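K.L.:
Please find one structure pasted underneath; my questions will follow.
Readers should treat all values here as calculations from the given coordinates under stated rules, not as data from a laboratory. Just so it is clear, the model here is predicted, and its values are computed rather than measured. Note: ideal-geometry Cβ built from the backbone for every residue, glycine included; neighbour counts use all protein chains shown.
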Amino acid sequence: MEKNQYLDMFIEESKEHLLSMNKNLLEMEKNPSDPLLISEIFRSAHTLKGMAATMGYEDLANITHQMENVLDGIRNNSIVVSSDLLDVVFESVDVLEEIVMDISSGGEGKRDVVTIVKKLEKIEQGTTISETSATLEIASTDSMLDQQFDNFERTVLIQSKEQGFHAFQAHIHLREDCILKAARVYMVFDVLEQVGEVIKSSPTVDQLEEENFDLDFTITLLTKDSVEDVKAKIFKVSEIDHVSISEINVEEFQSSEELQETEQVEKSEIVENETISKELTDSSKATEGTRGSTSPSNKTIRVNIDRLDRLMNLFEELVIDRGRLEQISQDAKNEELSETVEHMSRISGDLQNIILTMRMVPVEQVFNRFPRMIRGLAKDLNKKISLNIVGAETELDRTVIDEIGDPLVHLLRNSMDHGIEHPSNRASKGKPEEGTITLKAYHSGNHVFIEVSDDGAGIDRNRVTERAVKNGIITVDKSSTMQDKEVYELLFSSGFSTAEKISDVSGRGVGLDVVKNKIESLGGNVFVDSVPGKGTTFSIQLPLTLSIISVMLVEIQSETYAIPLSSIIETAIIKDEDILVVHNQKVIDFRGKVVPLIDLTSFFDVPKSKENNGYQSIVIVRKGDKIAGLVVNSFIGQKEIVLKSLGNYLSSVFAISGATILGNGQVALILDCNSLIK
């Protein structure tokens, strides 16, 4: 069977089944007696097993096969659902996700699955979870070797042993401050190959070269040197934290007859699931039947996202040419040409809406991974927390969806650690012991808002200001005059944290400034509001799409610049005498508020070619609660433009987020108002 032909489909459908399993397992924890939930989970595991066996991913098939046995026991009431049991099943799903991610990144889908398979086997046999853990702790590492090496590697190990070589497994952990991980790995390989032969590494050599690993890796080495000599060789490489070496007992390997029997079982497994492979060859059919009666045929197709990206790029070029034609039409003043261009503009506008809609995906794809995370962290923190998701069907452009996952993880962790109190503290305040975090998404105009709110303790103003003064962010005098919203904004200062001790959840020196910078890089904003004793809400404002944006075109001397409409409050024309100077800074009184002015001619060092004649054209822009006035020469008008990157060479240009090509063929730079105000 040709894997490449069906690989993309296999990966996408595997992710869908894993997502379904996660969702239904969380529901089953609340309703363990619901037979429909158990059947759905069993069906997902069975389908995934069949696809994995057909595609030749043995580790994936082994786990799902054993999961089936456990789920079947639950379905037949021979196994009782408990929180500890679900921990093992969730752990199994985590391993499955790791394998699928490895496959999607070009790996072979190999993992050491013996430990998790044995846990599932013990559950199937009726052993308690504690007994299972104890049994696994004393289990010999040698019994896992059969799963770590393929037939060829086992043969090499056995023959090398007969020739007097030692077979060592060296587990190497790099220091956390290691900068060039791939270089250190190369140096380790180099010193080991001086004393023997490296026959295997985990992760693979390709993954190590691409730094697709954390800080540790394992090498299988054949050598005649001792363990002490090998370890001394490895420690000659700098930035090595620690090394553990164990000798492989090759005598424990299965005999060749047992291996052949295993292969026969695997082949029969593939034949048994051959019908499932048909689902991989026909994308118009559902991978599995739904509950109840047969569903109608699905009138959808899978489209590779690269094709949509290419389509979007081509349409962006069409938008540029449309602007050119509109300009030519205005200059020519030909009625027939004007009508044709107008009709083409309407058609291309409709086409633009269709293409943008095709790229829109529901935020559910990001939100669905959080219930599992909340469950696990709540246990780690010894807290009772439920997650309420609202508006998961809200759609965003795929490019935005890809970027918001990490900021949301950070905000959710923040709410769990800093926001929600421990059950005893909540009870003493008259609150339910279980805290609630609400993750909400909704459309508003040309933006999508995502809110992370909790019913916890709220933000302690005094604690925030004390820490800010201690870190030198503000002075003691200023802390007493700040409004609450200004105090809450301090949470976004670089490296700011109110955590008293370092933990896996917070207090790691990486503050909410990371979230703010990420959201602003997407053209969005993040706000925070809090009521002491009641809770805190973080609001993220995001654009619907990043590629085609609405701007105000302005003239700065003889040059044209674009200002995103999402940053503009309004425009104004003022007299020179209305401009005041405060602390060497030009300001104006804008609706009772002092607004600083930024003269873009001076800021960008644009050659002067025009005089203002006693009047100034001002664009009032906003970044969060801060506003500023940008001084320009004149307003040209609103326009939809295609945002183009300046490329790596000009990536460090300050206050410029990109460029666009105008209808007259000129290039206009797009201002980054967030950087200007900052």
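K.L.:
List the chymotrypsin sites (Phe, Trp or Tyr not before Pro) within the stretch 592-678 that fall in a DSSP loop (any state other than H, G, I, E or B) and whose Cβ has at most 14 other Cβ atoms within 10 Å.
P.N.:
Answer in residue order: Y649, F654.
K.L.:
How big is the convex hull of the Cα atoms of the stretch 148-252, per residue, in Å³?
P.N.:
So the per-residue Cα hull volume is 92 Å³.
K.L.:
Given a cut-off of under 8 Å on Cα pairs at least six residues apart, what relative contact order in percent is computed for the stretch 549-677? Before the final figure, lay out each step's value.
P.N.:
Numbers: 257 pairs, mean separation 39.5, N = 129.
Relative contact order here is 31 percent.
K.L.:
So which GluC sites (Glu not before Pro) in the stretch 179-255 end up in coil per DSSP with only 14 or fewer other C-beta atoms within 10 Å?
P.N.:
Sparse-neighbourhood loop GluC sites (Glu not before Pro): E193, E210, E211.
K.L.:
Just the number, please: Stokes-Einstein D of the chain in µm²/s, Kirkwood Rh from C-alpha pairs, 10 °C, 1.306 mPa s.
P.N.:
Working: Rh = 30.0 Å.
This corresponds to a translational diffusion coefficient of 53 µm²/s.
K.L.:
Placing unit charges on C-beta atoms (Lys and Arg positive, Asp and Glu negative, everything else neutral), compute the dipole magnitude of the stretch 519-648 about its Cα centre in debye, rounded to 20.
P.N.:
Details: 12 positive and 14 negative charges, 64 e Å.
The dipole of the stretch 519-648 has a size of about 300 debye.
K.L.:
At a threshold of 8 angstrom on Cα-Cα distance, excluding pairs fewer than six apart, so keeping six or more, what relative contact order does the chain reach in percent?
P.N.:
Numbers: 998 pairs, mean separation 56.5, N = 678.
Relative contact order, the chain: 8 percent.
K.L.:
Can you give the convex hull volume of the alpha carbon atoms of the stretch 305-361 per residue, in Å³?
P.N.:
Taking only Cα atoms, the stretch 305-361 has a hull volume of 57 Å³ per residue.
K.L.:
Same structure again: Where the only charges are on Cβ atoms (+1 Lys, Arg; -1 Asp, Glu), what is the dipole of the chain about its Cα centre, to the nearest 20 debye?
P.N.:
2800 debye
K.L.:
Further question on the same structure: Rounded to the nearest Å, what's the spacing between the alpha carbon centres of the stretch 61-118 and the stretch 533-558? Just the number, please.
P.N.:
Cα centroid to Cα centroid, the span is 43 Å.
K.L.:
Additional query: If you take the square roots of the eigenvalues of the alpha-carbon gyration tensor of the stretch 363-543 and sort them as a ≥ b ≥ c, do you get rounded (a/c under 1.5), prolate (a/b over b/c) or oblate?
P.N.:
Judged from the Cα gyration tensor, the stretch 363-543 comes out oblate (a/c at least 1.5, b/c at or above a/b).
K.L.:
Same structure, new question: If you average the alpha carbon positions of the stretch 416-476 and of the stretch 313-343, how far apart do those two centres end up, in angstrom?
P.N.:
51 Å
K.L.:
Still on this structure, I have one more. In units of 2.2 N^0.38 Å, what is the alpha-carbon radius of gyration of the stretch 3-139?
P.N.:
Normalised Rg, Cα atoms only: 1.03.
K.L.:
Here is a further query. Which aspartates and glutamates, on any chain, are close to K236 with Cα under 12 Å apart, when same-chain ones fewer than 8 places away are left out?
P.N.:
D190
K.L.:
Ok, one more. Which one of M21, S33, S83 has its Cα pushed farthest toward the positive end of the charge dipole of the stretch 3-139, where Lys and Arg give +1 and Asp and Glu give -1 at the Cβ?
P.N.:
The listed residue farthest towards the positive side: S33.
K.L.:
Got a sec? Charge dipole of the stretch 358-462, +1 on Cβ for Lys and Arg, -1 for Asp and Glu; which of A427, M416, Q365 is way out at the positive end?
P.N.:
It is A427, whose Cα lies furthest towards the positive end.
K.L.:
Using a 10 Å cut-off around each Cβ, can you sort C178, C673 from fewest to most neighbouring Cβ atoms? Don't jump to the answer; show the numbers that get you there.
P.N.:
Details: C178 16, C673 25.
By the 10 Å Cβ count, ascending, the order reads C178, C673.
K.L.:
Hey, any idea what Rg/Rh is for the stretch 549-677, computing Rh the Kirkwood way over Cα pairs?
P.N.:
0.95
K.L.:
Please sort by residue number the trypsin sites (Lys or Arg not before Pro) in the stretch 147-236 whose DSSP state is loop and whose Cβ has at most 12 other Cβ atoms within 10 Å. Could the numbers behind the result be given before it?
P.N.:
On the way: sites: R154, K161, R175, K181, R184, K200, K224, K231, K233, K236; in loops: R175, K224, K236.
The qualifying sites are K224, K236.
K.L.:
Placing +1 at every Lys and Arg Cβ and -1 at every Asp and Glu Cβ, with all other atoms neutral, what dipole size does the stretch 148-252 have around its Cα centre, in debye to the nearest 20?
P.N.:
280 debye
K.L.:
Once you've got the Cα coordinates, tell me which of K429/K518; K379/K485; K119/K383; K440/K586; K516/K575; K118/K161 are over 30 Å apart. Walk me through the numbers before you get to the answer.
P.N.:
Details: K429/K518 36 Å; K379/K485 32 Å; K119/K383 26 Å; K440/K586 41 Å; K516/K575 36 Å; K118/K161 28 Å.
Exceeds cut-off: K429/K518; K379/K485; K440/K586; K516/K575.
K.L.:
Can you give me the orientation-averaged projected area of the convex hull built on the Cα atoms of the stretch 549-619, in nm²? Don't skip to the end; give the middle numbers.
P.N.:
Numbers: hull surface 21.7 nm².
If I average the Cα hull's projected area over directions, I get 5.4 nm².
K.L.:
Have a look at I450, L387, V621 and report the one farthest towards the positive end of the charge dipole of the chain, computed about the Cα centre with Cβ charges (Lys/Arg +1, Asp/Glu -1).
P.N.:
After comparing all options, I get V621.
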